[in-house]
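Working notes, beginning with the structure itself.
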Amino acid sequence: MDRSKIAYLLYNCFLTCSSFILLPCFIIRNLVLRRPVFPYFRNISESELARLHGKKIIWLQAVSVGEVVVANIIINELQRKLPNYAIVLSTTTPSGRAMAEQLVGDKALLTYFPFDIPYFSKRFVNRLQPEILILTETEIWPNAIRYVKAIGGKVAIINGIISDRSFRRYQRFAAFLKIVFSQVDLFVMQAAEYANRIGKLGAPLDRIKVLGNIKFDQPFPEFDTAQIDEFKQQYCWSETVKVFVAASTHRGEEEIVLEAYQQLIREQPYYLILAPRHPERAQEVINLLQQNQLNYIRRSSGESSTSVSILLLDTFGELGLAYAVADVVLVGGSLVNIGGHNILEAAAQSKPVIYGPYMHKAKESRRILEAVDAGFMVKDAAELVECIKDLLADPELYQQRARAAQNAVFVNKGSAANTAELIAGILEVCSEK
């Protein structure tokens, strides 16, 4: 038995043993939280397979919301370059699925990613028969990769990142990863730093490309003055009061935001739009608002208000509008050790962006905004208060930073088209053989 078979045997033994504990926990947790269970096991129905019959298939995997944004961008490019291919987009989380339904719609068949356990992964691949598996932002699913290669398909990793923490963790399994990476046909990384890291982990150097961040190519929404005025008028918000948006927040971050907000309003009024990363956490955030004796209104209620200064944005698809309305923006997943979320959406709306110290998943975006004095890191509520005050103290400097933020987004576009070109090249080579 060769080394690769032994490595996969050990990996799958570990997965199989773990699944006896993890799968029941997964099922119970999802049932309690009223999240899907059956779709993870079944994935694609017979009727959906029938719709794909006779078509060449691109399988694109995106874990959650941020990766779905990337997936949607690359889907648009692939459909222009490869119109005869059908696309299947799988997601891992319910929030990722909800975002896929909103952004992607019927451009792709949507499903849940199969567990990377041999039975589920192999069955999914054999039923789907994809020409290529595209993994976003350096997801590593050894069995999915192996089974796609077994049927003669290609594998690509796009918009790749390897954070400091991930790199340290992956180094423990470098021997196994070298085997896995030897089966990947293309690595498209966001920056040279990530390219170097994946090369050190065993990726063949001639298959690594550096093309920048695909998220710069997302179709950022545009809002006119009338839309912004209509939003404010619904809640009777004054034009003279500044709007503070705290977006994509996680547990532990809302406490910091509310502490900062209460410090700010001791000196002057502010409106606060609080948008948790996962809208299903709305009740948890409401409990926190009530504990702090803060009045609020839920966006999902559709109600108007003449007295409430806090809006809980518990809907999908309105973050761009919130950024357009904002004067100052904090993007979450960064004050707690999540790794940071998409700061480009706020920058595209001409907003300098504030974030916490945990930005290892968005390091390149942070570097680009900080280089033009449009990105600002804070560690706690006190620093957040001071940063907001400093940003709003000088209107002329604020406008310079706002313009620089938006310009930084648009001058870095182009990665998506170049990535799609490389993928098309792989598939053309495949079809010629």
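Give the residue, chosen from Leu335, Leu289, Leu272, Leu330, that is of a type in the set (A, V, I, L, M, F, W, C), in a loop (DSSP other than H, G, I, E, B), modelled with pLDDT of 95 or more and within 16 Å of Glu253 (Cα to Cα).
On the way: Leu289 fails: in a loop (DSSP other than H, G, I, E, B); Leu272 fails: in a loop (DSSP other than H, G, I, E, B); Leu330 fails: in a loop (DSSP other than H, G, I, E, B).
Going through Leu335, Leu289, Leu272, Leu330 in turn, just one is of a type in the set (A, V, I, L, M, F, W, C), in a loop (DSSP other than H, G, I, E, B), modelled with pLDDT of 95 or more and within 16 Å of Glu253 (Cα to Cα): Leu335.
Step by step: first the residues of the stretch 318-362, then only those that are without any contact (Cβ under 8 Å) to a residue 60 or more places away in the chain and β-branched (Val, Ile, Thr), then the one that is nearest to Lys413 (Cα to Cα). Which residue is that?
Among residues in the stretch 318-362 that are without any contact (Cβ under 8 Å) to a residue 60 or more places away in the chain and β-branched (Val, Ile, Thr), the one nearest to Lys413 (Cα to Cα) is Ile343.
Considering every residue within the stretch 72-90, establish whether at least one is among the aromatic types (Phe, Trp, Tyr), assigned to a strand (DSSP E or B), within 21 Å of Asn143 (Cα to Cα) and assigned by TED's automatic domain parsing to the domain that holds Thr136.
Of all residues in the stretch 72-90, those among the aromatic types (Phe, Trp, Tyr) come to 85.
In the following step, the residues that additionally are assigned to a strand (DSSP E or B) were identified as 85.
Then drop every residue that is not within 21 Å of Asn143 (Cα to Cα), which leaves none.
No.
Checking the conditions here, which among Arg146, Arg169, Arg165 is assigned to a helix (DSSP H, G or I), at pLDDT 95 or above and among the basic types (Lys, Arg)?
Only one candidate qualifies: Arg146.
How many of the residues in the stretch 162-203 are over 14 Å from Thr138 (Cβ atoms) and in contact with a strand residue (DSSP E or B) (Cβ under 8 Å, 6 or more places away or on another chain)?
Summing the residues that are over 14 Å from Thr138 (Cβ atoms) and in contact with a strand residue (DSSP E or B) (Cβ under 8 Å, 6 or more places away or on another chain) in the stretch 162-203 gives 3.
All but one of (1) in the same structural domain as Ala326 (by TED's automatic domain parsing); (2) part of a helix (DSSP H, G or I); (3) out of contact with any strand residue (DSSP E or B) (no Cβ under 9 Å at 6 or more places or on another chain); (4) within 22 Å of Val325 (Cα to Cα) hold for Glu255; which doesn't?
The one condition Glu255 does not meet is (4).
Give the stretch 351-382 a look and list any residue that's of a type in the set (Gly, Ala, Ser) and either over 28 Å from Arg169 (Cα atoms) or in a helix (DSSP H, G or I) (or both), or say none. Even if it seems obvious, please write down each step before you answer.
Of the residues in the stretch 351-382, the ones of a type in the set (Gly, Ala, Ser) are 356, 362, 365, 371, 374-375, 381-382.
Answer for the stretch 351-382, where residues must be of a type in the set (Gly, Ala, Ser) and either over 28 Å from Arg169 (Cα atoms) or in a helix (DSSP H, G or I) (or both): Ser365, Ala371, Ala374, Gly375, Ala381, Ala382.
Looking only at residues that are surrounded by 14 or more Cβ atoms within 10 Å (Cβ to Cβ) and among the aliphatic types (A, V, I, L, M) in the stretch 386-396, which one is farthest from Asn337 (Cα to Cα)?
Per the criteria, the residue is Leu392.
Do we find a residue being under 24 Å from Ile140 (Cα atoms), crowded, with 21+ Cβ neighbours inside 10 Å, of a type in the set (D, E, K, R) and in contact with a Pro (Cβ under 9 Å, 6 or more places away or on another chain) anywhere in the stretch 96-111?
Yes - at least one qualifying residue is present in the stretch 96-111.
Can you confirm whether the stretch 242-251 contains a residue that is crowded, with 21+ Cβ neighbours inside 10 Å, within 26 Å of Glu137 (Cβ to Cβ) and either assigned by TED's automatic domain parsing to the domain that holds Leu103 or among the hydroxyl-bearing types (Ser, Thr, Tyr) (or both)?
There is at least one residue in the stretch 242-251 that is crowded, with 21+ Cβ neighbours inside 10 Å, within 26 Å of Glu137 (Cβ to Cβ) and either assigned by TED's automatic domain parsing to the domain that holds Leu103 or among the hydroxyl-bearing types (Ser, Thr, Tyr) (or both).
Restricting to the stretch 141-180, name every residue that is within 21 Å of Gln61 (Cα to Cα) and of a type in the set (S, T, N, Q).
Within the stretch 141-180, Asn143, Asn159, Ser163, Ser166 qualify.
Kindly evaluate Glu383 against the criterion of being free of Cβ contacts under 8 Å to residues at least 24 places away in the same chain, surrounded by 15 or more Cβ atoms within 10 Å (Cβ to Cβ) and not assigned by TED's automatic domain parsing to the domain that holds Thr138.
yes
I'd like the residue in the stretch 151-162 that is in a loop (DSSP other than H, G, I, E, B) and of a type in the set (Gly, Ala, Ser) and, out of all such residues, is surrounded by the fewest Cβ atoms within 10 Å (Cβ to Cβ).
First, pick out the residues of the stretch 151-162 that are in a loop (DSSP other than H, G, I, E, B): 151-153, 161-162.
Narrowing the set further to residues that are of a type in the set (Gly, Ala, Ser) leaves 152-153.
Numbers: Gly152: 10, Gly153: 22.
Ranking the qualifying residues of the stretch 151-162, first place goes to Gly152.
What residue, of Leu274, Leu312, Leu344, Leu264, is more than 25 Å from Gln399 (Cα to Cα), surrounded by 16 or more Cβ atoms within 10 Å (Cβ to Cβ) and of a type outside the set (Lys, Arg)?
After ruling out the rest, the residue left standing is Leu312.
The values are calculated or read from the model by the stated rules, or taken from the named source; none is laboratory data. Because the structure is a prediction, the values reported are computed rather than measured. Ideal geometry is used to build each Cβ from the backbone, glycine not excepted, and the neighbour counts take in all protein chains shown.
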